[in-house]
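The values are calculated or read from the model by the stated rules, or taken from the named source; none is laboratory data. None of the values given here were measured: they were computed from a predicted structure. Cβ sites come from the backbone with ideal geometry, for glycine too, and all protein chains shown count toward neighbours. The accessibility values were calculated without ligands, DNA or RNA, using every heavy atom of the protein model including side chains. Shrake-Rupley method; radii C 1.70, N 1.55, O 1.52, S 1.80 Å.
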Amino acid sequence: MALQLQDSVGDVYEYTSITEPGTIRVIKLLPSLDIEADLHCSLQYQRLDDFQDGVAGHYTALSYVWGDATDVRTIFVEGRRLAITASLHCALRHIRHTHHASYFWADGICINQDVVAERNIQVSMMGSIYKTAHRTIIFLGPSCASCNEVMESISSIASSAREFAATPEHREVLSKHILSHPWFTRVWTLQELVLSKNTWVQKGTARVPWEIFSQHVHEHCTDPADIQPITDLVAIKVGYWNPLQTSSFPSEYLYTILRQRRGAGVSDPRDMIFGHLGLCPPTHESIIRSSISIDYSRTLNELLEAVARQIILDTGELLPLAEVGTVQPEDRRIGLPSWVPDWTVSNKNEPALISGWERVSEIIHGHVSDIDTMFSTPHILGARGTYLGSIRTVLPRPKDLELGTRGTTQQELPSWAINKESQPIVHAVCTVVREICERLNFLMWGEEIATDDFHTSNSLLHFRVSELTGEDRQLITNLYITSQGANASGPEDSEILLHPEIADFLIETLQSVYCIARVSNATAISEYGEVVSVDSRAREGDLLCRLEGSSGFYVMRPCGKENDKDKNNRALVPVMGRSKRQAKGEKIQQCLDSVEAGRTGEEGVTRGMQMSIDVRLIDFVSTVGNLHSTDWWRFKFGEDFSPRDEAVFAIH
């Protein structure tokens, strides 16, 4: 990034290229008694190994925030003018010694930002530079009288070990004028803190050790917003240097850090990745750098895709798919595959899906079976999975429901169902049930369900019919008729009610909607009558599926159908495999009339029907209990059959 001086007078400093591998530049900053005096320095070229061996003395690394790149100041390097950011200029003036020269490393001066090749090499060395530094100074900007008092208090408390009771004024200054500094939320500062062995926090000219500063925040701050960033930084620093830390995969630590730090501040969005590479465990650092190298000639999209691919290849699980972000598909970064998370976008308003590297019981421990072929097509993730059906309707959370409590009683449900505000939901549920019955040729009225092909085994009729009272059945029948109007297709005899099985299923489905709606932004009903907790990003016509190598279920949108709600036009192209029950293939085909599925095998071959479909990932839901399944298909085909079709999802 080129910094330009306006109305410059005199010679402009020109860098001498670094030609010897492992060499860095170090600033020799000349002293001054006047903090406002011009900055004068020289640059020394030294092998980093010489500092590690003690041959070249020592230097102090500076950790600061770049700030506005257009707000520049001048430092004189060997008498020539060099443009640096105002924030770096301020830091050097405050850390400059009054009587003797001092040695510093700061990226804004020690790296020629205009030469990409040099920048790539020097940035990749930054982890070692901070590890080798004699100390690191975190500069939090200029001070004021109240900030000086707070910093002096922290220092004196630590040195005297006396009891200290923070006043409200003390906490307010600490919160509003020190902890509010953007340093605590920037990307590069994490690596600089974690890798430094001797770290100090400086505000103005007052300076205290990091350990004392962070302990003071924990003991005397009361606002979680002040405490949490410090807690996270301390935990990451302690974890990195813990000799007992284990890492199963090279990208494990990187993935965990990216999840925790996504959306942190960067001047160059690619630094969201580059700024965290140095935090990979030492045993894996060389491996991860060989697959994700620091290269500023790469685009952000290329870099984000490479990271997602590497995590999947390392772990054998589709973990990145749980991090697809919080924005609508049409608002996502242009050209970024939908399965690739954009780590530059914060997702602090989203609930944690998988905490750290924890596994939940749903995760398929067999991992992805065909990982070698998943990336055979550029930018597309080919994932095997199970097609669960399409979304028939999406219902917003009812306004009269309190968010955050799951569960209901049978006494609550009737009063809720007849409420005026609930009628759109009741209508949607009844409509889906009616369409299912029409598709499966169920007769909805009377005591028996008549179909052209119905298994009469009593073991199949195991709904909670015994718990269904005549009053319940009458209520749900009235709700259904009111909801469907002319479409109700009821018998002429007004005394005949909905079949007990149908009535019971309607109650069960309404109860599922009632429960799930309390804990989700939206509730979807599938073409098979299943009730699903979804985000507001889902819409009618989206597909539900599970994927091998991941937990939970996914909402997918067929490519080319983003604006097409005609589910009958959706194409699933058969690939690889044979029909599991070819004799029932035609029945399956008739029932899945929302999917134009082809036949792939010969008669009598016994493998599951497989399909391939081009999709874009919309959402991921991992919480157990957010999918309420139905037993409709056991009525039609028997206890051993389920309309769950194996498929290959080509995720664009």
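Tabulated data
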item: Residue identified as open to solvent by less than 40 Å² (accessible area, probe 1.4 Å) and of a type in the set (D, E, K, R) among 114, 71, 107; result: 107
item: Residue match in region 184-204 (condition: over 22 Å from residue 63 (Cβ atoms), part of a helix (DSSP H, G or I) and acidic (Asp, Glu)); result: no
item: Options 215, 228; residue that is in a helix (DSSP H, G or I) and under 28 Å from the mean Cα position of the chain (by Cα); result: 228
item: When residues of region 9-54 are limited to those that are charged (D, E, K, R) and within 44 Å of the chain's Cα centre (by Cα), the one most open to solvent (accessible area, probe 1.4 Å); result: 14
item: Residues satisfying the stated conditions in region 203-226, i.e. open to solvent by less than 40 Å² (accessible area, probe 1.4 Å) and either within 27 Å of residue 269 (Cα to Cα) or among the charged types (D, E, K, R) (or both); result: 203, 226
item: Residue within region 235-246 that is under 27 Å from residue 71 (Cα atoms) and surrounded by fewer than 17 Cβ atoms within 10 Å (Cβ to Cβ) present; result: no
item: Filtered residues of region 37-76 (kept if out of contact with any Pro (no Cβ under 6 Å at 6 or more places or on another chain), under 23 Å from residue 141 (Cα atoms) and among the aliphatic types (A, V, I, L, M)); result: 37, 39, 61, 62, 69, 72, 75
item: Which numbered condition residue 507 misses (of (1) touching a Ser or Thr at 6+ places or on another chain (Cβ under 9 Å); (2) among the β-branched types (Val, Ile, Thr); (3) open to solvent by 10 Å² or more (accessible area, probe 1.4 Å)); result: (1)
item: Single match in 397, 439, 392 (criterion: at pLDDT below 80 and closer than 19 Å to residue 517 by Cα); result: 397
item: In region 74-90, residue most open to solvent (accessible area, probe 1.4 Å) [restricted to those that are among the polar types (S, T, N, Q) and within 12 Å of residue 108 (Cβ to Cβ)]; result: 87
item: Which listed residue is surrounded by 13 or more Cβ atoms within 10 Å (Cβ to Cβ), under 30 Å from residue 311 (Cβ atoms) and at pLDDT below 85, from 380, 371; result: 371
item: Qualifying residue in region 185-197 (condition: at pLDDT below 95 and farther than 25 Å from residue 66 by Cβ); result: no
item: Residues satisfying the stated conditions in region 413-435, i.e. of a type in the set (A, V, I, L, M) and either open to solvent by 60 Å² or more (accessible area, probe 1.4 Å) or at pLDDT below 80 (or both); result: 413, 417, 418
item: Count - residues of region 254-294 that are in a loop (DSSP other than H, G, I, E, B), modelled with pLDDT under 85 and of a type in the set (Gly, Ala, Ser); result: 1
item: Matching residues in region 124-143 - criterion: being open to solvent by less than 50 Å² (accessible area, probe 1.4 Å) and either farther than 30 Å from residue 291 by Cβ or over 30 Å from the mean Cα position of the chain (by Cα) (or both); result: 129, 132, 133, 136, 137, 138, 139, 140, 141, 143
item: Qualifying residue in region 314-336 (condition: closer than 20 Å to residue 249 by Cβ, of a type in the set (Lys, Arg) and either out of contact with any Ser or Thr (no Cβ under 7 Å at 6 or more places or on another chain) or in contact (Cβ under 8 Å) with a residue 24 or more places away in the chain (or both)); result: no
item: Filter pass, residue 312 being part of a helix (DSSP H, G or I) and open to solvent by less than 10 Å² (accessible area, probe 1.4 Å); result: yes
item: Positions within region 226-241 being in contact (Cβ under 8 Å) with a residue 40 or more places away in the chain and aliphatic (A, V, I, L, M), in sequence order; result: 230, 233, 236
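Per-residue answers, yes or no, for (1) exposed (fewer than 15 other Cβ atoms within 10 Å of the Cβ); (2) farther than 28 Å from residue 530 by Cα; (3) modelled with pLDDT of 90 or more:
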{"residue": "296", "(1), (2), (3)": "no, yes, yes"}
{"residue": "323", "(1), (2), (3)": "no, no, no"}
{"residue": "336", "(1), (2), (3)": "no, yes, yes"}
{"residue": "350", "(1), (2), (3)": "yes, no, no"}
